[in-house]
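*Asks:* This is the structure I have questions about; it appears just below.
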Amino acid sequence: MLMSPLSPERTTTMNRFSSAVPDNEYLADSNVLFYLSDAVSQLFSSVKNSNHVLFREYSYIMATPHNRASFIRVFWRCYRQIGKSGELLSMLEYRSLLQLLCPDFPLEPVQNAARIVLMDDAIDYLMSFSDFLFAFQLQFYYKEFLDSVLVIYQDLLAGKSPNTVIVPTSTSIEQLPPVAAEESDREQQDGVEPSTLAQCVDAFCDRFKHSHPPRSCMRGVLEQTNRISYYSFLMSLAKQEAINQAIGALPNKAEFLIDPEMDQELDKLIAQISVSPGSNSSGSAVGGLKEMLQRKASPRRNIHHRRRIEVESDGSTEETDSSEN
């Protein structure tokens, strides 16, 4: 039997796309408000719990200060077991962990964090989780400000007067060439006058429109020494509890590895990853993250006894102990 053109089924289907149907009737019939309310509720809950940045693209994570702080917190929540085990990791290993949370996470922020920890020395050395994370937090959250401070520092190191130091825009900062190795060596040997750097940084804060570390912290660090280099300045800032509190992403250092409630949250996060159907990341990234979250603490790897695989020029591999070097 053929369906009548005026049958209830056909009329309902047509009414949904007809301009003659009142808006409130359409919304009630389609349950759009129910799903919209649910979506908004889940979004705000996710933003509040800092989970909204999980598996998102790097540009989204960097878009707001809250997103940056949320990503720092998610990184800590996911990999706190590494700190509890005392394991030491390389810069590239930390980048791999970051890419499990953000697949397109670039190398540069990880390199910058490693330079803070290692004082711009060879950045292939191993780092503890806490040292890396607090340095990463400072560099990642205050990126634009620290990029500008680096330009100020390099001008002062070149002998320019504080009155002639010009802070470039973010675009011109990206176009600056990397500091040569010999210039980096000279920086570590010489440094600049802390009072002069403090004067320039303080004046820059007056017109800087983004987040920057508390001025009291920066002044306190610069008043404690006669000469200071850029990376020693950043390392001292990374250790300041006041900066950690200002960002608000991590607990204080005394509670950095002790938090039973966070362990429960970690179990919930593992369960969420296991059942989440809409992740933007690949299945291999989710699987790798689950493996890292569920991995038991391993014995501490000492920097002098960690074995490395060195690839010889003929293609063969040989295990060597760094303590023999």
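What follows is calculated from the coordinates using simple rules that are stated; it is not laboratory data. Quick caveat, the model's predicted, so the values are computed rather than measured. All Cβ positions, glycine included, derive from the backbone under ideal geometry; neighbour counts span all protein chains shown.
*Asks:* Find, among the chymotrypsin sites (Phe, Trp or Tyr not before Pro) in region 96-155, those assigned to loop by DSSP (not H, G, I, E, B) with at most 10 other beta-carbon atoms within 10 angstrom.
*Replies:* none
*Asks:* Here is a further query. Which whole-Hz ³J(HN,Hα) couplings does region 134-146 yield from phi under the Karplus relation 6.51 cos²θ - 1.76 cosθ + 1.60, θ = phi - 60°, glycine and proline marked x?
*Replies:* 5, 5, 4, 4, 4, 5, 6, 6, 9, 3, 4, 5, 5
*Asks:* Full-extension gain between C205 and N24, please, as 0.36 nm times their residue separation minus the C-alpha to C-alpha distance.
*Replies:* 60.0 nm
*Asks:* Of K160/K253; K209/K239; K84/K239; K239/K268, which ones are farther than 29 Å apart at the Cα?
*Replies:* K160/K253; K239/K268
*Asks:* Take peptides 75-88, 26-39 and line them up by average Cβ neighbours within 10 Å, highest first, as a rough protection proxy.
*Replies:* Per-residue Cβ counts within 10 Å, averaged per peptide and sorted highest first, yield 75-88, 26-39.
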